[in-house]
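Novice: Have a look at this one.
The values are calculated or read from the model by the stated rules, or taken from the named source; none is laboratory data. Predicted, not measured: the structure shown is a model, and the values here were computed from it. Cβ atoms come from the backbone with ideal geometry, glycine included; neighbour counts cover every protein chain shown. We work out accessible area using only protein heavy atoms, side chains counted, and drop any ligands, DNA or RNA first. Shrake-Rupley method; radii C 1.70, N 1.55, O 1.52, S 1.80 Å.
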Amino acid sequence: MTDPFVHVESVEKRWNGQLGVEDIYLSIPRGSFVALLGPSGCGKSTTLRLLAGLETPDSGRIIIGGRDVTASPAAERGLSMVFQSYALFPHLDVAENVLFGLKVRRVPRAEQREKLAQALEMTGLTGLETRKPGQISGGQRQRVALARAIVAGHPLCLMDEPLSNLDAKLRHSVRRDIKKLQRDLGMTVIYVTHDQTEAMSMADMVVLMKDGRIEQAGKPVELYETPASTFVAGFVGSPPMAFMDAALLPAGLTSAGLDAVYGVRPEHLDLTQAGDGMLQAVITHCEYMGSETFLSFDVPGSSGLTVRLPGEVRRSVGEAAGLTFDLSNLHAFDRNTGYRLPR
Amino acid sequence: MNDLARYERRRRIMYGWMLLSPALILLSLFAFIPSAMTFWSSLFSRGTRRNPSEFVGAGNYELLFADPTFSKVVVNNLIYAGVTIPVSIIIALAMALWANSKIPARGFVRTAYFTPTILPMIAAANIWLFFYTPGLGVLDQIGALFGFASVNWLGRPETALWAVIIVTIWKEAGFFMIFYLAALQTIPPDLKEAADIEGTSRWTYTRRVVLPLLMPTTIFVAVNALINSVKLIDHLFILTKGGPSDASKLVLYYIWELAFAFFDRPQAAALTVMVLAVLGVTAAIKFIILDRRTHYQ
Ligand SMILES: Nc1ncnc2c1ncn2[C@@H]1O[C@H](COP(=O)(O)OP(=O)(O)OP(=O)(O)O)[C@@H](O)[C@H]1O
Ligand SMILES: [Mg+2]
């Protein structure tokens, strides 16, 4: 790829001195699916709104499709947006909601009809044209918002937590629909979510934010396997990574010394007989999930130690057990800054 | 089972009436019964010492239609309603749209617009009396600066009704603006953002989204304005007393005159009945026609 499709450079936004986002750098290739991930209030929506042109940055540059749009109004950026609240017009029926933009732009009637049929077909809304938003279900409203976004045919689509109002099952199916639409239409999608499974499963690139800054950006596998900080390690993965003090590990086996915190993923921990293994632990929780069981352990100087075992495992809380792991699977982080240490 | 169902049904009906009764009693006492009595008394002639009151049927109505003052006040009132209703609604809407946008001193602007509403009509009329007074009044003083001759706004048949109309609009627009402001605030801001992204101009957004969503408010306000155009006559007592030569006399003022100045109660009753009928029919038409084209949340 040559130039990135969306390029954000050193963007900052404050409200009366209060931090919204700062130091935002993004470089997004055409046709990719990017997830903006992070806890509530970390600046995901703000970043998206800056991209959309609904807010103007205090400093920095935003380039979309090779054009500097930092100061352009939303309409001139050639993008569509799906709002968290759907933002459907309550007095217009489904068809008119979807066609709103085309009508504003005076697209010929025949073309409108054709595009409407196409968009409704893609989103599975055919037959609901004459219903008002108040007369359809939440999932259908969601699809209408999607249809409105794709009917415009813009190459860039921004979505702000579009699934947050749906129940778990519906969320799963709409998630697939979105992903399929994105692939079929070759759209570039920037997708805000606070659900890490959603981000990891859908995105080509995940941007994890914290307190208005980007903590790490990269492929899902990069975030999972080489998290840049304890925050990333603890945010991505379910259950998240466990952390241990260096003092718990056999002396001399680790290079970074006592200033480090070590992290290990649940799938890299193994259960052994009490007395064996590297750590002696007490079972504190036993969570049966159907296909697997999570056992949580308490070891002084560690947090979140969990083992993932297939099927149903009958162990009682309070039982003693041993834990073992391969040292090559450990992640080392700086104790003070939380950043990843080179191995 | 049947017994139980019947008992349950009766119980529900009882409940219905019990819930209905406070409104029913109050409305009957102060609205339905007086209306019926008014209608009844409009069918009898005026009783004097020599001619006791007798049943005349439509006699009072016929007398009214023959009365030149009657047609004069009806025409006056039609002009009055035809101007005050649309103008005060349009001004209220414009002020609300403006006061709802991001302007400096928004709170002050809203308060300023609302002030006429909290004044009693009598006080408002007195303020305007000061504006209109020939020679001394503010209008004349300003006119004099530009070399215009003094005009007796309230004293000339050509201008009296219009002077009254302006006071009414001034008084009503701020009141209606409050309803529009409240309605505007229920429109989620993300609709504007969604429209912005589609490249909608401000005017298109207003026409295609804001106005339709304000329709229920507009109906409410329009019906209120209609009622006010008949009901709100306090300022006539201060400003013109219906004069000069009935030029600014409105229907309700004429009813008051008939009843309490000329002591012709039956005529007043007949006129009242006609007003009630016209108002009722108009309100019904308004609700039926506009309802069909209105989106209620
Ligand atoms: N209009 C505003 N005025 C002042 N502060 C704001 C405004 N919008 C957002 N903020 C602040 O900016 C920060 C980031 O907000 P943002 O809405 O981007 O969070 P978010 O990551 O989208 O969170 P959530 O997941 O809860 O939607 C928050 O601390 C918020 O208080
Ligand atoms: Mg948000």
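Novice: In whole Å, how far is the Cα centre of the range A:55-126 from that of the range B:12-38?
Specialist: Between the Cα centre of the range A:55-126 and that of the range B:12-38, the gap is 53 Å.
Novice: Report, in degrees rounded to the nearest 10, the 0 to 90 angle that the Cα long axis of helix A:168-185 makes with the longest principal axis of chain A.
Specialist: 60
Novice: State the three equivalent ellipsoid semi-axes of chain B, derived from the C-alpha gyration tensor as the square roots of 5 times its eigenvalues, in descending order and whole Å.
Specialist: Square roots of five times the eigenvalues give 38, 36, 16 Å.
Novice: Same structure again: Around A:A71, what is the net charge, scoring Lys/Arg as +1 and Asp/Glu as -1 over all other residues with Cβ under 13 Å from its Cβ?
Specialist: -1
Novice: Something else now. One quarter of the convex hull surface, Cα atoms only: what value does that give for chain A in nm²?
Specialist: The number I arrive at for chain A is 21.0 nm².
Novice: Which of B:I227, B:I91, B:I285 ends up with the largest GNM mean-square fluctuation for chain B, with Cα atoms connected below 10 Å?
Specialist: Highest fluctuation of the listed residues: B:I285.
Novice: Hey, got the dipole for the range B:128-218? About the Cα centre, +1 on K and R Cβ, -1 on D and E Cβ, debye to the nearest 20?
Specialist: Dipole magnitude for the range B:128-218 comes out near 140 debye.
Novice: So what's the protein assembly as shown giving for Rg/Rh, alpha carbon basis, Kirkwood Rh from the mean inverse pair distance?
Specialist: Result: Rg/Rh = 1.17.
Novice: Compute the helix-to-body angle for A:94-104: its Cα long axis versus the longest principal axis of chain A, expressed 0 to 90° and rounded to tens.
Specialist: For helix A:94-104, the angle is close to 70 degrees.
Novice: While we're looking at this one, here's another question. Could you name every residue in the range A:85-128 that has 50 Å² or more less accessible surface in the full protein assembly than in its own chain alone (probe 1.4 Å, ligands and nucleic acids excluded)?
Specialist: A:F89, A:P90, A:H91, A:F100, A:V104
Novice: Given 0.36 nm per residue, what is the gain on full extension from A:A110 to A:D326 after removing their alpha carbon distance, in nm?
Specialist: Going from the current span to full extension adds 71.3 nm.
Novice: Tell me the per residue accessible area of the range B:25-104 using a 1.4 Å probe; a whole number in Å² is fine.
Specialist: It amounts to 64 Å² per residue over the range B:25-104.
Novice: Find which of A:M209, A:V221, A:G186 sits farthest along the positive direction of the dipole of the range A:173-262, computed with +1 on the beta-carbon of Lys and Arg, -1 on that of Asp and Glu, about the Cα centre.
Specialist: A:G186
Novice: Summarise the partner chain shielding of B:182-195 as one whole number: the mean count of Cβ atoms from other chains within 10 Å of each residue's Cβ.
Specialist: Rounded to a whole number, the mean comes out at 4.
Novice: Say a paramagnetic label sat at a point 7 Å from the Cα of A:T272, along Cα to Cβ; which residues of the range A:301-337 have their backbone N under 12 Å from it?
Specialist: Answer for this model: A:322-327.
Novice: Tell me, what is the percent relative contact order of chain A, built from C-alpha pairs under 8 Å that lie six or more residues apart?
Specialist: Once normalised by length, the contact order is 16 percent.
Novice: Then there is this: Around B:I103, with a cut-off of 15 angstrom between Cβ atoms, what is the net charge of the other residues, counting Lys and Arg +1 and Asp and Glu -1?
Specialist: Its environment carries a net charge of +4.
Novice: Simple spin-label model, 7 Å along Cα-to-Cβ: A:E292 to B:L78 in nm?
Specialist: 8.3
Novice: What's the magnitude of the charge dipole for the range B:154-266 around its Cα centre, counting Lys and Arg as +1 and Asp and Glu as -1 at the beta-carbon? Answer in Debye, nearest 20.
Specialist: 160
Novice: Express the Stokes-Einstein translational diffusion coefficient of the range B:126-265 in µm² s⁻¹, to the nearest whole number, given a Kirkwood radius over alpha-carbon pairs, 25 °C and a viscosity of 0.890 mPa s.
Specialist: Stokes-Einstein gives a translational diffusion coefficient of 134 µm²/s.
Novice: Sort out the exposed loop trypsin sites (Lys or Arg not before Pro) in chain B (DSSP loop, at most 10 other Cβ within 10 Å) and tell me the longest stretch that has none.
Specialist: Free of exposed loop sites, the longest segment is B:103-292.
Novice: Then there's this: Which helices, taking whole DSSP H runs in chain B, have alpha carbons extending 30 angstrom or more along the helix axis plus mean Kyte-Doolittle at least 0.5?
Specialist: The answer, listed by residue number, is B:68-100, B:157-185, B:265-292.
Novice: Follow-up. How high is the relative contact order of the range B:59-292, in percent, with contacts defined as C-alpha pairs under 8 Å that are six or more residues apart?
Specialist: Taking the mean separation of contacting Cα pairs over the length of the range B:59-292, I get 30 percent.
Novice: Let me ask you something else. Once label points are set 7 Å from the Cα along Cα→Cβ at both A:R131 and B:R292, what is their separation, rounded to one decimal in nm?
Specialist: Here the modelled spin labels are 2.6 nm apart.
Novice: When the accessible area of the protein assembly as shown is split by element with a 1.4 Å probe, what percent falls to carbon and sulfur?
Specialist: Answer for the protein assembly as shown is 60 percent, counting heavy atoms of protein chains only.
Novice: Find the sum over both chains of the accessible area lost when A and B are paired, probe 1.4 Å, and report it in Å² to the nearest 100.
Specialist: 1800
Novice: Under a straight-distance cross-link criterion of Cα-Cα below 30 Å, which lysines are reachable from B:K171, leaving out those fewer than 8 residues away in the same chain?
Specialist: Reachable lysines: B:K72, B:K102, B:K231, B:K241, B:K249, B:K286.
Novice: Continuing with this model, one more query. How much length is gained on full extension from A:R213 to A:R176, taking 0.36 nm per residue of separation minus their Cα-Cα distance?
Specialist: Result: 10.4 nm gained on full extension.
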